[in-house]
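The values are calculated or read from the model by the stated rules, or taken from the named source; none is laboratory data. The model shown is predicted, which means the values in this text are computed figures rather than measured ones. Glycine gets a Cβ as well: all are built from the backbone with ideal geometry, and neighbour counts include every protein chain shown. Just so you know, the surface numbers come from the protein's heavy atoms only, side chains and all, with ligands and any DNA or RNA stripped out. Shrake-Rupley method; radii C 1.70, N 1.55, O 1.52, S 1.80 Å.
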Amino acid sequence: MSKFYITTPLYYVNDKPHIGHAYTTILADVLARYHRIMGEEVHFLTGTDEHGQKVQEAAANRNVDPKTHVDEFVVRFKELWEKLHINYDDFIRTTEPRHTDRVKELLTTLYEKGEIYADEYEGLYSVSEERFVTEKEVEEGDFRQIKKLKEKNYFFKMSKYQDALIDHIENHPEFIKPETRKNEILGFLRNPLNDLCISRPKSRLSWGIEMPFDKDYVTYVWFDALLNYITAIGWGKDETTFQNWWPVNYHLMGKDILTTHAVYWPTMLMAAGLPLPKSILAHGWWMNEESKMSKSLGNVVNPLELIDDYGVDSVRFFLMRDMVLGMDANFTMESFIKRYNADLANDYGNLVNRVTMLIQKHFDGKIPESGDYNEIDLELIAQAKITPKSVSKLIQELKIHDALETTLSLLRKINRYLEAKAPWKSIKEDSTPGSSAATTLALSADVLRIGSQLLNPVMPEKTTAILKILGAGNIPLNETNIVLLTPGSVLGEGKSPFPRIIIE
Ligand code: ME8
């Protein structure tokens, strides 16, 4: 069975989760669910990044010790994932011993091999980024607080791997996605790569993994957090599990943390003698009326509030449908409601009601028996047969918005098919088994079942309800062959779970 290992970034527990966190995690969940229904063995990892300055400051602001703070805040993430129906296989916290022990072991090995060395360094230090920055970066970037610092620190020989990394990126077109981001990283690597400062003196930061060879220092938060992708799957402890999943298929993240994943992380793996990830995917940002949604701007849309008003699945659907992977997308209430009413309430929901109500009324609530197919029937069958294949190909290419559009166009096709065959008219003349109306409704219900199964990874709750209404509860989710609804099988109770949103 082919294997699929996918990860989200580990989120900082310095504040409440926001739409950026929700988006990446839903994206990972949707891809994991698609790969599961495609019959693959899937491992989906998420978790929290609990060390470092940001978390230490957040705890200090609340007047609690960091451990108490992280224990309280991790719950908010876990609760949100439950509410968003995130079906992860593992949740790792960087404060867990299964992680911290392995990080210390790697630090010791790299120190003993001479890959990590101590040096006195004087330079410009960015408080917000928690790292030394170059003068060029300060000129070009937007660093709020810069200090001049001179101190002894430990450095990882990252520069040594620059050429090998460039070679790898150039020879593996799948390594960094999308292409524009790959070119950005190659551009960054045209300048000399410095060694990476991977320690912080405890006088400045105490909340971190202690350097095993110097008790006065803790580990730089990224050199700690990135390792979660291997510590969580048993690296250094359970070789069989580790070999089963590594290398990862996809590391997902927002574009702002691509450099750490596409430069620091691969060089760390090279130093540890491990294979590199198959693919690193950077998505764009959710914007609100063109500006990035961020806490400081105060325009953050709280996904939890949207869920309470419009349901989890419509939020998941919107986020997947309206962002082209890799590009930024706009989030406004107006676009959300427009999308919901057009795609979910009209094209999908009305169709469910139309088909099931006719079957209830004229066929005693049982799937009717089809007769011979005419040309219009065969056209619908042809599209129903090709759609699952197209969707699966689009998912492999990470074109989720296109996969959704392709599925919705199958639903729209059923609507046009019903208009063309008008079973509500022919039913008056003939509603016997094998009649035109019987065939039309049986086929519509079955193609609707296929559409619902293809939408299931994005909207697990509502499509399951619809599949029950269609009496398809016992057909396995990956079964997209036509025609599987057995004549005579009884429809379930209920109406479309997508009522139209009416704006006052
Ligand atoms: O960076 N739209 O954690 P984090 C889309 N701990 N994505 C957004 C966004 C927006 N408006 N705002 C933020 C960290 N993000 C580290 C990761 S991994 C070993 C360590 C995304 O809690 C952002 O791009 O700051 C990033 O992927 C994540 O949310 C923020 O994570």
For H283, enumerate residues with amide H under 5 Å from its amide H, sequence gap 5+ or separate chain, H modeled in the peptide plane. M253, G254, K255
So for each of 198-206, 495-503 I average, over its residues, the number of other beta carbons within 10 Å; can you give me the resulting order with the highest mean first? 198-206, 495-503
Between N183 and K16, what is the label-point separation in nm under the 7 Å Cα-to-beta-carbon projection? 4.0
Using mean Cβ contacts within 10 Å as the protection proxy, how do 60-66, 96-102 order, highest first? 96-102, 60-66
What figure in square angstrom, to the nearest 10, would you give for the accessible area of I427 with a 1.4 Å probe? 10
Can you pull the semi-axes for the stretch 41-198, root of five times each eigenvalue of the Cα gyration tensor, sorted largest first, whole Å? 30, 24, 19
Accessible surface, the stretch 166-261, averaged per residue in Å² (probe 1.4 Å): 41
When each of K3/K385; K389/K413; K104/K202; K16/K83; K78/K237; K385/K468 is checked by Cα-Cα distance, pairs over 19 Å: K3/K385; K78/K237; K385/K468
Could you name the aspartates and glutamates in cross-link range of K147, using Cα to Cα under 15 Å and dropping any fewer than eight places away on the same chain? E122, E129, E130, E135, E137, E139
If I ignore ligands, DNA and RNA and count only protein heavy atoms, how much of K468 is accessible to a 1.4 Å probe, in Å² to the nearest 10? 140
At 1.567 mPa s and 4 °C, plugging the Kirkwood radius over alpha-carbon pairs of the stretch 333-469 into Stokes-Einstein gives what diffusion coefficient in µm²/s? 84
Could you pull the accessible area for E210 with a 1.4 Å probe, rounded to 10 Å²? 60
Please state the charge dipole magnitude for the chain, taken about the Cα centre, from unit charges on C-beta atoms (+1 on K and R, -1 on D and E), reported in debye and rounded to the nearest 20. 600
Among N171, G39, S314, flag the residue with its Cα farthest along the positive direction of the charge dipole of the chain, charges on Cβ as +1 for Lys/Arg and -1 for Asp/Glu. S314
Residue-averaged [θ]222 nm for the chain, counting only DSSP H segments that reach four residues, each worth -39500 (n - 2.57): -14000 deg cm²/dmol
What nm value, rounded to one decimal, do you get for the distance between Y121 and E305 when each label is placed 7 Å out toward the C-beta? 4.1
How much FRET efficiency would the formula 1/(1 + (r/R0)^6) give for I386 and K3, where r is the Cβ-Cβ distance and R0 is 22 Å, rounded to 0.05? 0.20
Report the dimensions of the chain along its three principal axes from the alpha-carbon atoms, largest first, rounded to Å. 92, 49, 38
Note down the relative contact order for the chain as a percent, whole number, built from C-alpha pairs under 8 angstrom at least six residues apart. 14
What number in nm² do you get for the stretch 61-107 if you take the convex hull of its Cα atoms and divide its surface by four? 4.7
Hey, rough spin-label estimate for D238 and M357, points 7 angstrom out along Cα→Cβ, what's it come to in nanometres? 5.3
May I ask which residue of A438, N350, A384 lies farthest towards the positive end of the charge dipole of the stretch 333-469, with charges of +1 (Lys, Arg) and -1 (Asp, Glu) on Cβ and the Cα centre as origin? N350
Nearest-0.05 FRET efficiency for R339 and S203, computed from C-beta distance (R0 45 Å): 0.30
